[in-house]
1. Using packing as a proxy for protection, rank 47-55, 234-242 so that the peptide with the highest average count of other Cβ atoms within 10 Å comes first.
2. At 0.36 nm per residue, minus the direct Cα-Cα distance, what do ASP133 and GLN5 gain on full extension? Give it in nm, one decimal, please.
3. Tell me the relative contact order for the chain as a rounded percent, counting alpha carbon contacts under 8 Å between residues six or more apart.
4. Arranged from highest to lowest average of other beta-carbon atoms within 10 Å per residue, in what order do the peptides 71-78, 33-40 appear?
5. Evaluate the distance, in nm, between pseudo-label points positioned 7 Å from the Cα of SER181 and of ARG224 along their respective Cα→Cβ axes.
6. Using a Förster distance of 30 Å, how high is the FRET efficiency between ALA121 and GLU211, based on the Cβ-Cβ distance and rounded to 0.05?
7. Given a Förster distance of 22 Å, report the FRET efficiency between LYS192 and LEU148 from their Cβ-Cβ distance, rounded to the nearest 0.05.
8. At 7 Å along the Cα-to-beta-carbon direction for both PHE43 and ILE263, put a label point, then send me their distance in nm to one decimal.
Amino acid sequence: MRPIQEIFPLLDKPTNIAITTHQKPDADAMGSSLGLCNFLIQFGHQVTVISPTNWASWVNWMPGAKKVLDYELQRQKADAVLDKAEWLFCLDYNHFDRTKGLGPRLASLNCVKILIDHHEAPDEKSFDYGISDITRSSTCEMIYDFILASGYKDKINTEVAECIYAGVVADTGSFRFPSVSANVHRLVADLKDKGLLHTPVHEALYDNFLENRLRFVGNVLLNRMEIFYEYNTALIAIPKSDLLKYNIKTGDTEGLVNYPMSIQGIKLVALVIDRDEERKWSFRSKGDFDCNTFARKYFEGGGHFNASGGRSSDPLPETVKKFKRAMKENEAQLQ
Ligand code: 5GP
Ligand code: MN
């Protein structure tokens with residue numbers, strides 16, 4: 001993988017560009033994709049954002065979201081875009097297996113592939129150019145840095161700024177995680193200087209659910225959460241019946257994993273949701289418990305040191321048992 005700076009001289013030569021991100025894109029994935037899209041279209045490029053799957057409705061406010069293609073629903077259109085693409089951007093993921101059914105298609109493309117990502121263990125050989133930096137708070141922060149380094153800072157308009165800010169807010173837990181550097185605060189100051197209105201972005205991300213979702217959260221905290229004080233660990237296991245009963249849609253479970261973190265002494269939170277095709281795990285930790293290694297070792301996953309995800313093909317009771325065994329094996333690290 002060659003340094004990303006090498007593409008800067010080509011930025012003003014109009015090209016067909018596809019931007020892709022990970023499955024079930026969150027605010028950083030969608031924010032970085034649309035932030036970059038809104039930047040690149042100003043050069044006259046043909047730019048299309050393709051998501052491997054559907055996404056949460058609370059990112060639909062982002063400028064350009066209505067034009068994003070869902071690979072599962074709009075495969076023909078997306079394939080036509082990929083056929084013509086000269087550049088493929090890969091944002092907020094670093095391995096094609098994070099793009100579900102889109103993965104084999106992306107891997108087989110012959111165009112120039114460019115990675116911008118902040119997760120552990122990038123598959124560098126799959127990309128021609130790129131930047132992978134696990135110290136960055138978010139892929140949106142990296143898009144901001146990319147734009148600054150390219151020399152086209154003047155192209156950070158309101159659309160670009162809103163998308164970037166949304167991803168930074170989401171991936172930093174509203175500026176609280178250790179990944180928040182002075183660079184992040186300078187970025188926010190700069191976006192504010194450019195006229196960014198931050199309150200509507202927070203409201204669009206966090207005050208934008210239906211009543212059923214809040215009642216679902218109440219049910220989960222009351223009935224589906226177990227605390228293991230001897231391991232400083234909380235576990236939430238959500239059966240499919242709860243998702244059906246409360247009419248839960250993509251994105252409604254975002255943030256649930258953070259609630260048990262507010263309990264004194266908790267070091268690790270694990271959340272598992274019984275989805276149709278798999279059991280999807282989320283892990284969050286405080287301090288020196290390594291969620292990335294834990295997810296890789298036990299649940300075919302990965303991510304960051306303090307936030308990761310994984311999956312299992314086992315039924316819910318079996319994968320929960322596996323987690324409890326893993327928790328016990330990691331007793332020393334959880335003290
Ligand atoms: P979340 O729990 O919010 O879904 O994900 C937390 C972090 O782990 C995110 O940065 C996400 O991209 C990453 N992540 C989630 N699931 C997986 C997975 O199955 N594999 C890998 N490698 N990373 C994941
Ligand atoms: Mn991210």
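The values are calculated or read from the model by the stated rules, or taken from the named source; none is laboratory data. Bear in mind that the values here come from a model prediction, so they are computed numbers and not experimental data. When we count neighbours, we look across all protein chains shown, and the Cβ atoms used for this are built from the backbone with ideal geometry, even at glycine. Protein only, heavy atoms only, side chains kept; ligands, DNA and RNA dropped before computing areas. Shrake-Rupley method; radii C 1.70, N 1.55, O 1.52, S 1.80 Å.
1. The packing order, highest mean first, is 47-55, 234-242.
2. 44.6 nm
3. 14 percent
4. On the way: 71-78: 15.6, 33-40: 27.6.
Put in order of decreasing packing, that is 33-40, 71-78.
5. 3.7 nm
6. With a Förster radius of 30 Å, E is 0.15.
7. Values: r = 16 Å, r/R0 = 0.72.
Using R0 = 22 Å, I get an efficiency of 0.90.
8. 5.0 nm
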